[in-house]
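*Asks:* So that we are looking at the same thing, I have put the structure below in structure tokens.
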Amino acid sequence: MKPQLEDTEFWVGTFHGSHDGTTATVTATRDDTRPEPYVWTCTCGASRSFPTEHGVWPTAWRHTHPTRFDRLRSWAARRFRTAR
Ligand SMILES: [Zn+2]
């Protein structure tokens with residue numbers, strides 16, 4: 001499926017994987033009109049934005065290919081963030 005892009009958006013990459021027992025697809029785009037041009041969004045609704053392309057690949061990859069340790073760490077990070 002081709003992602004819907006705004007006029008200012010450029011397709012950067014798509015990552016196929018799974019998490020939480022379901023398939024997940026992350027689409028990364030670049031839009032220079034955004035404060036952080038690089039953004040990826042997952043079919044699960046998660047999204048992250050980055051000032052450079054460097055942050056996109058490892059995080060999108062890890063999001064679609066989580067290890068048990070990653071799940072534990074993201075759970076811990078969520079708790080830590082909401083606690084502040
Ligand atoms: Zn996801």
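The values are calculated or read from the model by the stated rules, or taken from the named source; none is laboratory data. Quick caveat: nothing in here was measured; it's all calculated off a predicted structure. Glycine also receives a Cβ, built like all others from the backbone with ideal geometry; neighbour counts cover every protein chain displayed.
*Asks:* Of everything in segment 44-68, what is part of a loop (DSSP other than H, G, I, E, B), without any contact (Cβ under 8 Å) to a residue 12 or more places away in the chain and within 10 Å of the ligand (Cβ to nearest atom)? Give them in sequence order. Talk me through it step by step, then tell me what you get.
*Replies:* Step one: of segment 44-68, the residues part of a loop (DSSP other than H, G, I, E, B) are 44-46, 51-52, 65-67.
Within this subset, residues satisfying the condition of being without any contact (Cβ under 8 Å) to a residue 12 or more places away in the chain are 45, 67.
Listed by number, the list holds a single entry, 45.
*Asks:* Something else: Is segment 17-29 home to any residue that is surrounded by 15 or more Cβ atoms within 10 Å (Cβ to Cβ), in contact (Cβ under 8 Å) with a residue 40 or more places away in the chain and in contact with a helix residue (DSSP H, G or I) (Cβ under 6 Å, 6 or more places away or on another chain)?
*Replies:* Looking for residues that are surrounded by 15 or more Cβ atoms within 10 Å (Cβ to Cβ), in contact (Cβ under 8 Å) with a residue 40 or more places away in the chain and in contact with a helix residue (DSSP H, G or I) (Cβ under 6 Å, 6 or more places away or on another chain), one finds at least one in segment 17-29, hence yes.
*Asks:* Hey, can you tell me all the residues within segment 26-52 that are more than 12 Å from the chain's Cα centre (by Cα) and over 16 Å from residue 5 (Cβ atoms)?
*Replies:* The first filter runs over segment 26-52 and keeps only residues more than 12 Å from the chain's Cα centre (by Cα), leaving 30-37, 51-52.
35, 36, 51, 52, listed by residue number.
*Asks:* Tell me whether segment 41-52 contains one or more residues that are surrounded by 15 or more Cβ atoms within 10 Å (Cβ to Cβ), over 20 Å from residue 78 (Cα atoms) and at pLDDT 95 or above.
*Replies:* First, the residues of segment 41-52 that are surrounded by 15 or more Cβ atoms within 10 Å (Cβ to Cβ): 41-42, 44, 48-50.
With the extra rule that they be over 20 Å from residue 78 (Cα atoms), the set shrinks to none.
So far as segment 41-52 goes, no, none of its residues is surrounded by 15 or more Cβ atoms within 10 Å (Cβ to Cβ), over 20 Å from residue 78 (Cα atoms) and at pLDDT 95 or above.
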